[in-house]
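Let me begin by presenting the structure, written as structure tokens, before commenting on it.
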Amino acid sequence: MLGLMQSQPLLISSLIEFAERHHGDAEIVSRRVEGDIHRYTYRDLSRRSKQLANVLDGMGLQFSDRVASLAWNGYRHMEMYFGVSGSGRVLHTINPRLHPDQIAWIVNHAEDQVLCFDTSFLPLVQAVHARCPSVKKWVALCDADKLPADSGIPGLVSYEAWIGGASSEYAWPVFDENSASSMCYTSGTTGNPKAALYSHRSTTLHAYAAALPDVMNLSARDSVLPVVPMFHVNAWGIPYSAPLTGCKLVFPGPALDGKSVYELIEAEGVTFAAGVPTVWQMLLNHVKAGGLKFSTLNRTVIGGSACPPAMIHAFQDEFGVSVLHAWGMTEMSPLGTLCTLKNKHLALPRDGQMKILQKQGRAIYGVDMKIVDSAGNELPWDGKSYGDLLVKGPWIVADYYRSEGGSPLVPDAQGRGWFPTGDVATIDADGFMQITDRSKDVIKSGGEWISSIDIENIAMAHPAIAMAACIGMPHPKWDERPIIAVALKPGAEVSREELLAFYEGKTAKWQVPDDVVFVDAIPIGATGKMLKAKLREQLKDYRLPGL
Ligand code: ADP
């Protein structure tokens, strides 16, 4: 017997329709590339997304054709999220921090037909456009009078001139909720990038889940600042969860330095912000240096790479801002786990609570996870056994777009497919997962594993250290031994011996790094993460002391 409820596909257009009808006057504030602040409402967003949809229809773009963006977080990018996907096309958000060769490669791989870019990326577009034959239309996301002159890009049009004349009347088409809605390529640290191809259903379910109280706890009373970029995994789904809740949205545009982000938080009464640790470090440095306070910010979700406990402490103890540690990946839309306490933890002393809050967290409904040994056997949830982390759920990839290597899924005894995350983790009896490492970064010393994240976290708690990266170095007896590469804060000093002494009592003796390497900066990749492969390359002539 089938249920007798209305059948309505979960489509991205329903989010903007809902926001228009129920939160029409909620604000969307954007810092623009031009530097000024732009304000409008969900009602305006809906109207202009419809104009864009009409333009795409007018061009004769087919269902599922790809429309690409190279853009910061801002209202025009948001219009693409709804106008492109809502009208049945696939939004391809490109990470502008990728190498131009990679950008040209993914534009060709995705067969993008339209590419809209913020004018700050004009040099990038000039460098790649001749290599992107599929692109029929290049659009600069700017006012008509700001269109770059003599750009050399054939047929370049400003976004405002492009959509300005189009009607804002549009009936969003209804189609299968499993249709593709958007795509995002992974950074491709090994080999060519691979694309996660999200669907309307996966995106809408993820948007619901992201708003839950134990996830981002978003509501119509919040003012939300996604610092995490809309060009990488849809700003962790915030552009979709925002219209679902009717929260005020604040977009930082290109200004991601501590001062600009802080000013926006204060000026717009931001209550909730999301970002990666490297960006939050800049914010904390600015706030600490100026003796400033947050007057409205009460919580922040931090993920993308391990959030050092020192950062959690700084936010919570010095500024009263709760840190929600999150873990996920491009292939997971991206949210997998988020760390909040359970009822039974409320009576724990502060230290006990902090130990839990440093973990990557509990699975969100919709995501299941397990850890397995090298033979694929499931390992116990005891908080100690570590193994490869596998996940499954309706917003996790089953395959990559135009994948040549076959499905990445690993079947279990029941034939259900699990996605191997490439992370090594523990899971405790309460279901809190903790990432030990990316499997390729784990250090194998004398048959035991050392978590590079643990070793980095200790260094990061030292007041002189701006950033720390732990990597394994070949050792004839132990196989590998850890060393810690550190970049110091401006003007700060610490000697090799002092830093090594700092590890005493904080970790087992055999896990203490064999050496400290001082570097000007730790290499950072396109998504704000440390590039350990590049660091290893830089240190290829390094030898451990005594070898
Ligand atoms: P990429 O495109 O570089 O693969 P992703 O954003 O998809 O970028 O990266 C996902 C990976 O980032 C995870 O598999 C994990 O290794 C790492 N990661 C994400 N969040 C965390 C976290 N909170 N702690 C530790 N590692 C994290």
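Please report, ordered by residue number, the strands (runs of 3 or more DSSP E) entirely within the stretch 14-133 with at least 1 residues that are assigned by TED's automatic domain parsing to the domain that holds Leu156, within 28 Å of Asp257 (Cβ to Cβ) and among the aromatic types (Phe, Trp, Tyr).
Output list reads 37-41, 114-117.
What is the number of the single condition among (1) more than 30 Å from Arg481 (Cα to Cα); (2) among the hydroxyl-bearing types (Ser, Thr, Tyr); (3) modelled with pLDDT under 90 that Tyr400 does not meet?
Tallying (1) more than 30 Å from Arg481 (Cα to Cα); (2) among the hydroxyl-bearing types (Ser, Thr, Tyr); (3) modelled with pLDDT under 90, Tyr400 fails exactly one: (3).
Are any residues in the stretch 480-515 more than 16 Å from Met467 (Cα to Cα), of a type in the set (A, V, I, L, M, F, W, C) and in a helix (DSSP H, G or I), and if so, which ones?
Once the filter is applied, which keeps residues that are more than 16 Å from Met467 (Cα to Cα), of a type in the set (A, V, I, L, M, F, W, C) and in a helix (DSSP H, G or I), the stretch 480-515 yields Ala501, Trp510.
Can you spot a residue in the stretch 342-361 that is assigned to a strand (DSSP E or B) and in contact with a strand residue (DSSP E or B) (Cβ under 8 Å, 6 or more places away or on another chain)?
yes
Looking for whichever is acidic (Asp, Glu) and within 16 Å of the ligand (Cβ to nearest atom) here; the options are Asp520, Asp454. Which one fits?
One residue alone meets the criteria, Asp454.
Quick one: which strands (runs of 3 or more DSSP E) sit completely within the stretch 200-294 and have at least 2 residues that are free of Cβ contacts under 8 Å to residues at least 40 places away in the same chain, buried (at least 24 other Cβ atoms within 10 Å of the Cβ) and not β-branched (Val, Ile, Thr)?
Ranges flagged: none.
I'd like to verify a number: residues in the stretch 328-338 that are touching an Asp or Glu at 6+ places or on another chain (Cβ under 9 Å) and within 14 Å of Ala209 (Cα to Cα), how many?
Residues flagged as touching an Asp or Glu at 6+ places or on another chain (Cβ under 9 Å) and within 14 Å of Ala209 (Cα to Cα) within the stretch 328-338 amount to 1.
Tell me yes or no: at least one residue of the stretch 304-321 is at pLDDT 95 or above, touching a Gly at 6+ places or on another chain (Cβ under 9 Å) and of a type outside the set (Phe, Trp, Tyr).
no
Write out, first by first residue and then by second, each pair whose Cβ atoms fall under 6 Å of each other, whose residues are 6+ apart or on separate chains, and whose first residue, in the stretch 180-199, is assigned to a strand (DSSP E or B) and at pLDDT 85 or above while the second is among the charged types (D, E, K, R) and near the ligand (Cβ under 8 Å from one of its atoms).
Ala196/Glu331
Which numbered condition trips up His325, out of (1) in contact (Cβ under 8 Å) with a residue 40 or more places away in the chain; (2) within 11 Å of the ligand (Cβ to nearest atom); (3) assigned to a strand (DSSP E or B)?
(1)
Could you please give the count of residues in the stretch 146-166 that are touching a residue at least 40 places away in the same chain (Cβ under 8 Å) and either loosely packed, with under 12 Cβ neighbours inside 10 Å or within 16 Å of the ligand (Cβ to nearest atom) (or both)?
Of the residues in the stretch 146-166, 0 are touching a residue at least 40 places away in the same chain (Cβ under 8 Å) and either loosely packed, with under 12 Cβ neighbours inside 10 Å or within 16 Å of the ligand (Cβ to nearest atom) (or both).
Can you name the number of the only condition in (1) on the phi > 0 side of the Ramachandran plot; (2) in a strand (DSSP E or B) that Asp150 fails?
In the conditions (1) on the phi > 0 side of the Ramachandran plot; (2) in a strand (DSSP E or B), Asp150 misses (2) alone.
The values are calculated or read from the model by the stated rules, or taken from the named source; none is laboratory data. These numbers were taken from a predicted model, which means no experiment stands behind them. Glycine gets a Cβ as well: all are built from the backbone with ideal geometry, and neighbour counts include every protein chain shown.
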